[in-house]
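Structure, as structure tokens:
The values are calculated or read from the model by the stated rules, or taken from the named source; none is laboratory data. Everything numeric in this text was worked out from a predicted model, so none of it was measured. All Cβ positions, glycine included, derive from the backbone under ideal geometry; neighbour counts span all protein chains shown.
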Amino acid sequence: MELDVPTTLGPGRLVIDAAEEPRAVLWIGHGAGGRKDAVDTLALAAALPGLGITVVRFEQPWRVAGRSVAPRPAALDVAWMAAAPHVAEIAAGLPLIVGGRSAGARVACRTADDVKAVAVVCLAFPLHPPGKPERSRIDELLQPTVPVLVLQGERDTFGNAEEVSTAIVEAAASSEPVSPRGIRVVAVPGADHSMAVLKSSPLDAPGVARLVVETVRGFIDELV
């Protein structure tokens, strides 16, 4: 089911894959590439409803309008928050987990507390622009006060799984107000930022999809 939602930036769209007897709702945002059907998010939408978890995918207004370039982060947050009351109606009091891939993961982290999420799922969190590790976004990943799961490719040029884990520990050591115990990083073997793998990678594409689904399911199972 699809639901258009008004925002000050134009209409956004919620794509809802509903569980018959839901116990939780996972609300996911897409990346700067604007694909609600990215391999990882599509795998979650296909598998989790059968496990009692409704999946709601949000298309940002710029993507609904057919534009190919994402606006600034603040605009992404504005549209996401405009959709929040509609997602709350869908959740109807059930636990809400927010998440997204890449830029969508950043939005989820920045707004998790505002939407009263019980957890955050980050798919390919963009720790830094490719080749520019000095421009770290670790502060955004540390922002939620609820548990965070990060699924990160080993070949991610925006920061691989090891880089993300190291940044969390270093931030905690430098007196950041967040314990690294609240953030779980799971490496996706051989995967890049889009979760694509090489022929020589330990996992093939279906294997990556299974890993994503099983890890997210296990994370949610611990919460609800």
So which residues in the range 23-66 are over 21 Å from Leu149 (Cα atoms) and in contact with a Gly (Cβ under 8 Å, 6 or more places away or on another chain)? Glu59, Gln60, Pro61, Trp62, Arg63, Val64, Ala65
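How many residues does the range 109-136 contain that are within 15 Å of the chain's Cα centre (by Cα) and of a type in the set (D, E, K, R)? Can you show your working first?
Restricting attention to the range 109-136, the residues satisfying the condition of being within 15 Å of the chain's Cα centre (by Cα) are 109-113, 115, 117-127.
Those left that are additionally of a type in the set (D, E, K, R): 110, 113.
Total satisfying the criteria: 2.
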Given the conditions (1) under 30 Å from Val87 (Cα atoms); (2) over 16 Å from the mean Cα position of the chain (by Cα), report the number of the one that Val169 does not fulfil. (1)
Does the range 122-141 hold any residues that are more than 21 Å from Ala38 (Cα to Cα) and among the small types (Gly, Ala, Ser), and which are they? Gly131, Ser136
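Out of the residues in the range 43-61 meeting the condition of being out of contact with any helix residue (DSSP H, G or I) (no Cβ under 8 Å at 6 or more places or on another chain) and surrounded by 15 or more Cβ atoms within 10 Å (Cβ to Cβ), tell me which one is nearest to Thr111 (Cα to Cα). Can you show your working first?
Step one: of the range 43-61, the residues out of contact with any helix residue (DSSP H, G or I) (no Cβ under 8 Å at 6 or more places or on another chain) are 45-46, 49-50, 52, 59.
So of that shortlist, the ones also surrounded by 15 or more Cβ atoms within 10 Å (Cβ to Cβ) come out as 45, 49, 52, 59.
On the way: Ala45: 22, Pro49: 24, Gly52: 24, Glu59: 16 Å.
Per the criteria, the residue is Glu59.
Could you tell me how many of the residues in the range 195-217 are closer than 21 Å to Ala167 by Cβ and assigned to a loop (DSSP other than H, G, I, E, B)? Reasoning before the result, please.
Looking only at the range 195-217, we keep the residues that are closer than 21 Å to Ala167 by Cβ, and these are 195, 215.
From the residues that got through so far, the ones that are assigned to a loop (DSSP other than H, G, I, E, B) too are 195.
So the count comes out to 1.
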Within the range 137-151, which residues are under 15 Å from Val185 (Cβ atoms) and either assigned to a loop (DSSP other than H, G, I, E, B) or in contact with a His (Cβ under 9 Å, 6 or more places away or on another chain) (or both)? Arg137, Ile138, Leu142, Pro144, Pro147
Among the residues listed as Arg72, Arg63, Arg67, Arg106, the single one being among the basic types (Lys, Arg), within 26 Å of Leu211 (Cβ to Cβ) and either at pLDDT below 95 or within 16 Å of the chain's Cα centre (by Cα) (or both): Arg106
Return the residues of the range 1-34 that are of a type outside the set (A, V, I, L, M, F, W, C) and crowded, with 17+ Cβ neighbours inside 10 Å; say none if nothing qualifies. Thr7, Gly12, Arg13, Asp17, Pro22, Gly29, His30, Gly31, Gly34
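With the requirement that a residue be touching a helix residue (DSSP H, G or I) at 6+ places or on another chain (Cβ under 9 Å) and either exposed (fewer than 15 other Cβ atoms within 10 Å of the Cβ) or of a type in the set (A, V, I, L, M, F, W, C) (or both), what does the range 183-205 give you? Talk me through it step by step, then tell me what you get.
The initial filter retains those residues of the range 183-205 that are touching a helix residue (DSSP H, G or I) at 6+ places or on another chain (Cβ under 9 Å), namely 183-191, 194-197, 201, 203, 205.
Correct list: Ile183, Val185, Val186, Ala187, Val188, Ala191, Met195, Ala196, Val197, Leu203, Ala205.
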Among the residues of the range 19-37, what is the count of those that are under 25 Å from Leu223 (Cα atoms) and touching a residue at least 40 places away in the same chain (Cβ under 8 Å)? 9
Which one of the conditions (1) under 24 Å from Pro73 (Cβ atoms); (2) touching a Gly at 6+ places or on another chain (Cβ under 6 Å) does Gln152 fail to meet, given that it meets all the rest? (2)
